[in-house]
Amino acid sequence: MFAVTMIGIYGVGFYNGFKQRKSEVIVRFFLVFGFMLNLFVVFISSIILHGDADLIRHLFLVSLYLDLITVLIWSDVIGKRVWMDGMVIKEGFEDEL
């Protein structure tokens, strides 16, 4: 559910960025997509290859990927860049990101 939500949120940004040719948004989508893909691959392969023996050590990367994606979404929410990179108005100045 978390993965579908993140891909959906960044997918809208990818679509908008693709239409306006903004490479930063496109790269951010593929970053999240790559994290999610690695998360599922590590999770499934560690369960299949190692079973439930020493599961904490083998699933450390899953926890790391979830934390990194959570930090990324929070930084985008705080920076107001969730759907799109655009103009940021800060203290009377307009800066292009």
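Restricting attention to region 38-61, which residues are in contact with a helix residue (DSSP H, G or I) (Cβ under 9 Å, 6 or more places away or on another chain), within 24 Å of Phe14 (Cα to Cα) and of a type in the set (A, V, I, L, M)?
Listed by number, the list holds a single entry, Leu39.
Can you tell which of Val71, Val77 is out of contact with any Asp or Glu (no Cβ under 8 Å at 6 or more places or on another chain) and either closer than 23 Å to Arg21 by Cα or modelled with pLDDT under 75 (or both)?
Being out of contact with any Asp or Glu (no Cβ under 8 Å at 6 or more places or on another chain) and either closer than 23 Å to Arg21 by Cα or modelled with pLDDT under 75 (or both) holds for just one of Val71, Val77, which is Val77.
Considering only residues that are aliphatic (A, V, I, L, M) and outside any helix (DSSP H, G or I), which ones fall in region 2-58?
Ala53
Looking at region 3-26 only, could you name the residues that are open to solvent by less than 80 Å² (accessible area, probe 1.4 Å) and closer than 21 Å to Thr70 by Cβ?
Across region 3-26, the qualifying residues are Ala3, Thr5, Met6, Ile7, Gly8, Ile9, Tyr10, Gly11, Val12, Gly13, Phe14, Val25.
Please enumerate the residues belonging to region 27-41 that are of a type in the set (A, V, I, L, M, F, W, C), open to solvent by 30 Å² or more (accessible area, probe 1.4 Å) and closer than 13 Å to Leu61 by Cβ.
Selection gives Phe35, Leu37, Phe40, Val41.
Given (1) modelled with pLDDT under 85; (2) part of a helix (DSSP H, G or I); (3) open to solvent by less than 50 Å² (accessible area, probe 1.4 Å), identify the lone condition not met by Val82.
The failed condition is (2).
Taking region 29-44, which residues are closer than 19 Å to Ser75 by Cβ and without any contact (Cβ under 8 Å) to a residue 40 or more places away in the chain?
If the condition is that a residue be closer than 19 Å to Ser75 by Cβ and without any contact (Cβ under 8 Å) to a residue 40 or more places away in the chain, then Phe29, Phe30, Phe33, Gly34, Phe35, Met36, Leu39 are the ones that fit.
The values are calculated or read from the model by the stated rules, or taken from the named source; none is laboratory data. On a predicted model such as this, the values are computed, not experimentally measured, just so you know. Backbone-built Cβ (ideal geometry, glycine too); neighbour counts: all protein chains shown. For accessibility, only protein heavy atoms count, side chains too; no ligands or nucleic acids. Shrake-Rupley method; radii C 1.70, N 1.55, O 1.52, S 1.80 Å.
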